[in-house]
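Working notes for the structure below.
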Amino acid sequence: MEMPKGKKMNDFHRRLMEEIPRLRRYARALTRNATKADDLVQDTLSRALQKQDLWQPGTDLRAWLFTIMHNQNVNQVRRDIRDKGQVELEASSQGLVATTDPTASRQLHELELALGKLPEDQRQVILLVGLEGMSYEQAAAILKVPVGTIRSRLSRGRDALRQLMSMDDRRSTRVGEHHLQPTPLVA
């Protein structure tokens with residue numbers, strides 16, 4: 001993101017740029033598609049710049065940006081459903097982080113697949129709280145639901161992930177592979 005020549009970067013733009021890696025990470029985990037994630041981040045940044053006068057200095061810029069991203073994603077999913085009748089899912093998923101540990105890489109891949117099987121409302125909460133480290137209150141504000149709803153979605157999502165991951169464990173053990181350890185997201 002480049003500033004026009006001759007313009008000094010203000011605090012809003014500086015802070016916005018600092019949030020781009022988090023926005024990318026969340027968008028990739030949310031959409032499970034690198035191209036769609038990049039588009040979502042671009043739409044979010046564009047919208048934030050258009051509406052920057054609505055952001056109140058001293059408030060949580062990150063939560064404000066994630067709210068914009070959530071709304072942009074909901075709108076895009078609705079457009080996809082309306083335009084195509086179904087949402088395309090990427091056939092092959094991409095890893096969330098790079099690692100040299102093949103076991104960790106496999107665990108992340110299996111976690112990503114399991115996350116993809118969750119209902120979107122549970123996946124969103126797990127990503128906001130578990131991946132992004134947001135508080136229940138921040139996640140509730142972003143998703144525009146009560147804190148109690150965040151707690152129940154998180155609980156149901158974690159239970160479902162544990163079940164999905166243990167089913168993968170049992171299947172892996174049957175074919176002679178190593179047993180997986182639980183991940184921090186589902187602890």
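Laboratory data are not the source of any read-out in this text; all were calculated from the coordinates shown. Model, not experiment: these values are computed from the prediction. Every residue, glycine as well, gets a Cβ built from its backbone with ideal geometry; the counts of neighbours run over all protein chains shown.
Loop-located trypsin sites (Lys or Arg not before Pro) in region 23-85 (DSSP state other than H, G, I, E, B) with a sparse environment of at most 16 neighbouring Cβ atoms within 10 Å: Lys51. For region 24-31, the Karplus equation 6.51 cos²θ - 1.76 cosθ + 1.60, evaluated at θ = phi - 60°, returns couplings of 4, 4, 5, 4, 5, 5, 6, 8 Hz by residue, with Gly and Pro reported as x. Computed on region 102-160, with alpha-carbon pairs under 8 angstrom and 6+ residues apart, the relative contact order is 33 percent. Seen from Ile20, the other residues with C-beta closer than 12 Å to its C-beta sum to a net charge of +3, counting Lys and Arg as +1 and Asp and Glu as -1.
Across region 143-160, rounded Karplus estimates of 3J(HN,Hα) from the backbone phi angles (6.51 cos²θ - 1.76 cosθ + 1.60, θ = phi - 60°) give 8, 6, 9, x, 4, x, 5, 4, 4, 6, 5, 5, 4, 5, x, 5, 4, 5 Hz, Gly and Pro being marked x.
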